[in-house]
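So the structure is just underneath, and the comments pick up after that.
The values are calculated or read from the model by the stated rules, or taken from the named source; none is laboratory data. As the structure is a prediction and not an experimental result, all values here were calculated from the model. Note that we place each Cβ from the backbone using ideal geometry, even for glycine, and neighbour counts take in every protein chain shown. Areas reflect the complete protein model, heavy atoms only, side chains present, ligands, DNA and RNA absent. Shrake-Rupley method; radii C 1.70, N 1.55, O 1.52, S 1.80 Å.
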Amino acid sequence: MSELVTKFRTALENMNSVNFTGTSLSVSKFPNACCDDASLLLASYLADNGYPNINLIRGSDGGKDGEFRSHVWLKLDDINIDITADQFNGNSYRNQLVIIESSNSYLKTFDTVMVAKVTLDLSFFSIMMQV
């Protein structure tokens, strides 16, 4: 799974934002301010590649002092998957480009406000992701 997630992140970094009209990815510079849409697309890509049953996690008031209003990432079983946590880097934060781990000290700072099973079918996105 790690290879798929890293490949997906790299593809998002290299794609033109016009390919994502109607999403936060079309108006933000990835990974900034696009954790929700990026996570949903990643969830679909992982499901298309044999990893169904992914949950979307919405967190609030994260960071050392609750300075980050919200963040979204994925969870598969007990594994956190986050491809946008590095948007918070700076001010002493040093998040990895790709987080795939059961326990992450940064993600733990967020209060979980919602856990939702991802049921999207965005299989067309797989075509775009052939890198």
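Taking into account only those residues within the stretch 89-99 that are within 17 Å of Pro31 (Cα to Cα) and out of contact with any Asp or Glu (no Cβ under 9 Å at 6 or more places or on another chain), which is most open to solvent (accessible area, probe 1.4 Å)? Filtering first and then ranking leaves Asn89. For the residues Leu56, Leu74, Leu41, the requirement of being touching a Leu at 6+ places or on another chain (Cβ under 7 Å), part of a helix (DSSP H, G or I) and not basic (Lys, Arg) singles out Leu41.
Would you confirm whether any residue within the stretch 29-37 is assigned to a helix (DSSP H, G or I), surrounded by 19 or more Cβ atoms within 10 Å (Cβ to Cβ) and either touching a strand residue (DSSP E or B) at 6+ places or on another chain (Cβ under 6 Å) or at pLDDT 95 or above (or both)? Yes. Taking the stretch 100-110 as the range and being surrounded by fewer than 20 Cβ atoms within 10 Å (Cβ to Cβ) and touching a residue at least 24 places away in the same chain (Cβ under 8 Å) as the test, the residues that pass are Ile100, Ser102, Asn104, Thr109.
Could you check the stretch 114-124 and list, in sequence order, the residues that are out of contact with any helix residue (DSSP H, G or I) (no Cβ under 6 Å at 6 or more places or on another chain) and either modelled with pLDDT of 90 or more or open to solvent by less than 50 Å² (accessible area, probe 1.4 Å) (or both)? Steps first, please.
To start, the set of residues in the stretch 114-124 that are out of contact with any helix residue (DSSP H, G or I) (no Cβ under 6 Å at 6 or more places or on another chain) comprises 114-117, 119, 121, 124.
Once the filter is applied, which keeps residues that are out of contact with any helix residue (DSSP H, G or I) (no Cβ under 6 Å at 6 or more places or on another chain) and either modelled with pLDDT of 90 or more or open to solvent by less than 50 Å² (accessible area, probe 1.4 Å) (or both), the stretch 114-124 yields only Ala116.
Which of the residues that make up the stretch 62-85 are among the acidic types (Asp, Glu), at pLDDT 90 or above and open to solvent by 20 Å² or more (accessible area, probe 1.4 Å)? If the condition is that a residue be among the acidic types (Asp, Glu), at pLDDT 90 or above and open to solvent by 20 Å² or more (accessible area, probe 1.4 Å), then Asp77, Asp78 are the ones that fit.
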